Amino acid sequence: MRHLLEVDDLTRAELARVLDLAVDPSPPRVLEGRGMGLVFEKPSARTRNSMEMAVVQLGGHPVYIQASEVGLDTRESVEDVTRTLACYHATIGARVFAHSTVERMAAMDLVPIVNMLSDGAHPLQALADVLTMRQLLGDLAGRTVTYVGDANNVFRSLGLAAGMLGMEVRFAGPPGYRPTAVDADRIAAAGVEVHEFERPEEAVDGTDVVYTDVWTSMGQEEESAKRLQDFEGYRVDERLMAAAGDRALLLHCLPAHRGEEVSDGVVDGPASRVWPQAENRMHAARGLLAWLLGEAAGAETGGAT
């Protein structure tokens, strides 16, 4: 059984196929008459809305489940929650704190598990990111994306997806917030090289896309003051976009902390493509589910679905 916990659960060919299905005007209704359980330990406007609509567009019924309704490892074990939801749903999506939670769900091998976000990965965001860049730039081989900020789950998944499609991946962030050895090894194992820079001005020079994310993510609020100080000089503002060049575009996974990691003038400016990127969360999720419950499921059973 196939799951999506991180981008490299897909091969390069499968990643490209998911993106093709994302823009299919008549997607296969692989969820006709079936449900998808959407478990949210962490709330999210984009993830909930994009996933629910993607399920509906594939003929299915999404069920939004708050953390308090299942009580992962408090009310019931992760394994028992997974067993219960698999009785009703064709697939389960989970937006959680610990990556080990989605790993434990997938280990049950009852229904396909989709990681809607964990502390280790954000593959659905990365699918939307590369879909957006492909729409804007065409073939991504030889193009460059530069991530400025914290080497978090968003960066890891973005680096995998962009690199697997042939992009040059650059990173600029302060000491202490650069890719860990574990993440670097994971990215390298997928055949992707990350070029690290100390200064963002050097990193963005000649890039096609400048990408940033919040400096303080959900659950890190107590670190906010320190992070604001540590990331001084890494704001994506008009000065940095000018260093990137006239053709550089801006992406941001949102929500944006305006005035911190990105300026109003940039996020609302002519280089910004954050709203098409946000819309593509729905299209990318639809493409993934169409593949996961259609072609991938058919390959597992040896027949068509």
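The values are calculated or read from the model by the stated rules, or taken from the named source; none is laboratory data. These numbers come from a predicted model, not from an experiment. Backbone-built Cβ (ideal geometry, glycine too); neighbour counts: all protein chains shown. In case anyone asks, the SASA skips ligands and DNA or RNA and just uses the protein heavy atoms, side chains included. Shrake-Rupley method; radii C 1.70, N 1.55, O 1.52, S 1.80 Å.
Residues in region 83-105 that are open to solvent by less than 10 Å² (accessible area, probe 1.4 Å), within 14 Å of residue 36 (Cβ to Cβ) and of a type in the set (A, V, I, L, M, F, W, C): 92, 94, 105. For region 161-183, the candidate set comprises residues that are among the aliphatic types (A, V, I, L, M) and in contact with a Pro (Cβ under 8 Å, 6 or more places away or on another chain); within that set, the residue that is farthest from residue 237 (Cα to Cα) is 161. Kindly indicate whether residue 190 is under 25 Å from residue 10 (Cα atoms), of a type outside the set (Lys, Arg), in contact (Cβ under 8 Å) with a residue 24 or more places away in the chain and open to solvent by less than 30 Å² (accessible area, probe 1.4 Å). Spelling it out, residue 190 is indeed under 25 Å from residue 10 (Cα atoms), of a type outside the set (Lys, Arg), in contact (Cβ under 8 Å) with a residue 24 or more places away in the chain and open to solvent by less than 30 Å² (accessible area, probe 1.4 Å). One residue stands out in region 33-82 among those that are open to solvent by 40 Å² or more (accessible area, probe 1.4 Å) and in a strand (DSSP E or B): the one that is farthest from residue 253 (Cα to Cα), namely 76.
Pairs meeting the criteria (first residue in region 96-115 and without any contact (Cβ under 8 Å) to a residue 24 or more places away in the chain, second residue open to solvent by 70 Å² or more (accessible area, probe 1.4 Å) and part of a loop (DSSP other than H, G, I, E, B), beta carbons under 9 Å, at least 6 apart or on different chains) are 98/119. Of all positions in region 199-215, at least one carries a residue that is over 26 Å from residue 91 (Cβ atoms), modelled with pLDDT under 95, outside any strand (DSSP E or B) and touching a helix residue (DSSP H, G or I) at 6+ places or on another chain (Cβ under 8 Å).
The residue list 256, 284 contains one member that is hydrophobic (A, V, I, L, M, F, W, C), closer than 30 Å to residue 3 by Cα, in a loop (DSSP other than H, G, I, E, B) and at pLDDT 95 or above, which is 256. Selection of region 93-131 for residues being in a helix (DSSP H, G or I) and within 12 Å of the chain's Cα centre (by Cα) yields 123, 124, 125, 126, 127, 128, 129, 130, 131. Among the residues of region 278-292, is any within 21 Å of residue 148 (Cβ to Cβ) and of a type in the set (A, V, I, L, M, F, W, C)? Looking for residues that are within 21 Å of residue 148 (Cβ to Cβ) and of a type in the set (A, V, I, L, M, F, W, C), one finds at least one in region 278-292, hence yes. Does residue 185 meet the test of being open to solvent by 70 Å² or more (accessible area, probe 1.4 Å) and charged (D, E, K, R)? Criteria met by residue 185.
Do you know which residues across region 216-227 are among the charged types (D, E, K, R) and either open to solvent by 30 Å² or more (accessible area, probe 1.4 Å) or modelled with pLDDT of 95 or more (or both)? Once the filter is applied, which keeps residues that are among the charged types (D, E, K, R) and either open to solvent by 30 Å² or more (accessible area, probe 1.4 Å) or modelled with pLDDT of 95 or more (or both), region 216-227 yields 221, 222, 223, 226.
Listed here are the residues, each with its yes/no results for (1) of a type in the set (Phe, Trp, Tyr); (2) within 20 Å of residue 129 (Cα to Cα); (3) open to solvent by less than 10 Å² (accessible area, probe 1.4 Å).
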residue: 244; (1), (2), (3): no, yes, yes
residue: 252; (1), (2), (3): no, yes, yes
residue: 255; (1), (2), (3): no, yes, no
residue: 267; (1), (2), (3): no, yes, yes
residue: 272; (1), (2), (3): no, yes, no
residue: 280; (1), (2), (3): no, yes, yes
residue: 286; (1), (2), (3): no, yes, no
residue: 300; (1), (2), (3): no, no, no
